[in-house]
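Visitor: Supplied in structure tokens, the structure appears directly below.
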Amino acid sequence: MGVRLIKISVVYFVIGVLLGYYMSTAHAYNLTPVHVHINLLGWTSLTLAGILYVLFPNLAATKLAKAHFWLHNIGLPAMMIGLAFMVYGNTSLTFATIISANLVTLAVILFAVNILMNLKEKTE
Ligand code: HEM
Ligand code: HEM
């Protein structure tokens, strides 16, 4: 699961950087919130989570980790697509954006609960 998350996160990294590149060249700064959250919730957050799951395999083996993985990976793309529609003034996906943002928030809370409950110092 950790390795899978790191691989997914680099896909977000490439998309986020390409979007930043497009924004700079086209002066399309209204996409900044999409760029920011693809990079920070996609690349940085998922890489860090992935590294923690690799470093502490017991964290990755829990139901909380599974729930975090799926809620984050379903919620984030939906939230980003909805947000892109919203910044261009199309409100047809606003409700879906709110739902998906709540999924991502729940994912992060479950991730935090997993860390707080199950992260133990390595003994060897
Ligand atoms: C070559 C790569 C990148 C390019 C070309 C790029 C481009 C941009 C541009 C054009 C903006 C809007 C600036 C403005 O509104 O004045 C922006 C904002 C931002 N970018 Fe990037 N970006 C890149 C990579 C990244 C990465 C890797 C991250 C995070 C891991 C990141 C985080 C942010 C943040 C947080 C903002 C908002 C800054 C603010 O609110 O003032 N960017 N970026
Ligand atoms: C589900 C989780 C999240 C939600 C719903 C959310 C929502 C928002 C909203 C509504 C804004 C204001 C956008 C605007 O003014 O156009 C914002 C801005 C921002 N958020 Fe988040 N956020 C989330 C998670 C995060 C995380 C985890 C990070 C960093 C690791 C982050 C970094 C930022 C930054 C840097 C900005 C300023 C962007 C700019 O300058 O346009 N957010 N976020």
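Visitor: Would you calculate the separation in nanometres between label points at LYS63 and LEU18, each defined as 7 Å from the Cα along the Cα-to-beta-carbon direction?
Guide: Label at LYS63, label at LEU18, 3.8 nm between them.
Visitor: Follow-up question, since we're still on this one. Test of the criteria: in the stretch 42-124, which trypsin sites (Lys or Arg not before Pro) are in a DSSP loop and have at most 14 other Cβ atoms within 10 angstrom of their Cβ?
Guide: LYS120, LYS122
Visitor: Mind checking Rg over Rh on the chain, alpha carbons, Kirkwood formula for Rh?
Guide: Rg/Rh: 1.04.
Visitor: So, one more: Calculate how steeply helix 45-55 sits against the longest principal axis of the alpha-carbon atoms of the chain, using the helix alpha-carbon long axis, and give the answer as 0 to 90 degrees to the nearest 10.
Guide: 20 degrees
Visitor: Once you place label points 7 Å from the Cα toward the Cβ at ILE74 and ALA26, how far apart are they in nm?
Guide: 3.0 nm
Visitor: Ignoring ligands, DNA and RNA, what percent of the accessible area of the chain is carbon or sulfur (1.4 Å)?
Guide: Carbon with sulfur: 76 percent of the solvent-accessible area.
Visitor: Something else: Any idea what angle helix 2-26 forms with the longest principal axis of the chain, computed on alpha-carbon atoms, 0 to 90 degrees, nearest 10?
Guide: Long axis of 2-26 versus the principal axis of the chain: about 20 degrees.
Visitor: Moving to a separate point now. Residues of the stretch 1-118: accessible area per residue at 1.4 Å, in Å²?
Guide: Accessible area per residue: 55 Å².
The values are calculated or read from the model by the stated rules, or taken from the named source; none is laboratory data. Small disclaimer: the values here were computed from a predicted structure and weren't measured. Glycine also receives a Cβ, built like all others from the backbone with ideal geometry; neighbour counts cover every protein chain displayed. Note: areas computed on protein heavy atoms with side chains; ligands, DNA, RNA excluded. Shrake-Rupley method; radii C 1.70, N 1.55, O 1.52, S 1.80 Å.
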